[in-house]
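Report on the structure given below.
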Amino acid sequence: QVQLVESGGGLVQAGGSLRLSCAASRTIFNIYAMGWYRQAPGKQRELVATIGSGGSTNYADSVKGRFTISRDNAKNLMYLRMNSLKPEDTAVYYCNYDYGPLWVGPRAYWGQGTQVTVSS
């Protein structure tokens, strides 16, 4: 079973930056698409960004120009660099994967996620 562990969250002031990391228990990043989700209190989990096995990326409109998704296949790591953070970015952030080279939907069980809190 592939396990995913998110890290890098924390408390930051508006306008600040954080880099989230997603680590896999075995090699999947070279063949699977990956994605970042977030869930704010009282809201549905939403897709933030995806990256295909070949490096193609997509972003939610709310984070375009501020967030950057990337992957290091050799290290089984995925990242989400978040700049110009806003209070509305406050959420628990989760990573997931899809079985194909392009993103369709999440396939892994949801993990603990990592909390991002942006103060005003």
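The values are calculated or read from the model by the stated rules, or taken from the named source; none is laboratory data. Since we're looking at a predicted model, the values are computed, not measured. When we count neighbours, we look across all protein chains shown, and the Cβ atoms used for this are built from the backbone with ideal geometry, even at glycine. Side chains are part of the model used for accessible areas, which takes the heavy atoms of the whole protein and leaves out ligands, DNA and RNA. Shrake-Rupley method; radii C 1.70, N 1.55, O 1.52, S 1.80 Å.
Counting only protein chains, not ligands or nucleic acids, how are Leu80, Leu4 ordered by accessible area (probe 1.4 Å), most first?
Numbers: Leu80 0, Leu4 25 Å².
The ordering from most to least exposed comes out as Leu4, Leu80.
Summing Lys and Arg as +1 and Asp and Glu as -1 over all other residues whose Cβ lies under 13 Å from the Cβ of Asn83 gives a net charge of +4.
Please work out the average accessible area per residue across the chain, using the 1.4 Å probe convention, and give it in Å². Here the residues of the chain average 52 Å² of exposed surface.
Less than 13 Å Cβ to Cβ from Gly16, Lys/Arg counted +1 and Asp/Glu -1: what total charge do the surrounding residues give? The partial results should precede the final answer.
Values: positive: Arg19, Arg66, Arg81, Lys86; negative: Asp89.
Net charge in that neighbourhood comes out at +3.
Label zone (Tyr99, point 7 Å along Cα-to-C-beta; backbone nitrogen cut-off 12 Å) within the stretch 26-57: none.
Excluding same-chain neighbours fewer than eight residues apart, the aspartates and glutamates reachable from Lys75 by a Cα-Cα span under 16 Å are Glu6.
Could you please report the charge total around Gln3, scoring K, R as +1 and D, E as -1 over all other residues with beta-carbon less than 15 angstrom from its beta-carbon?
Values: positive: Arg26, Arg107; negative: Glu6.
Combined, the nearby Lys, Arg, Asp and Glu give +1.
For the full complex of protein chains and a 1.4 angstrom probe, list Val12, Val104 by accessible area with the highest value first. Could you put the intermediate results ahead of the total?
On the way: Val12 25, Val104 115 Å².
The ordering from most to least exposed comes out as Val104, Val12.
For the stretch 48-95, trypsin sites (Lys or Arg not before Pro) meeting the loop criterion (DSSP other than H, G, I, E, B) and having at most 16 other Cβ atoms within 10 Å: Lys64, Arg66.
Can you pull the percent of the chain's accessible area that's carbon plus sulfur, 1.4 Å probe, other chains left in place?
Here it works out to 47 percent.
In summary, the lysines within cross-link reach of Lys86, defined as a Cα separation below 27 angstrom excluding same-chain residues under 8 places away, comprise Lys43, Lys64.
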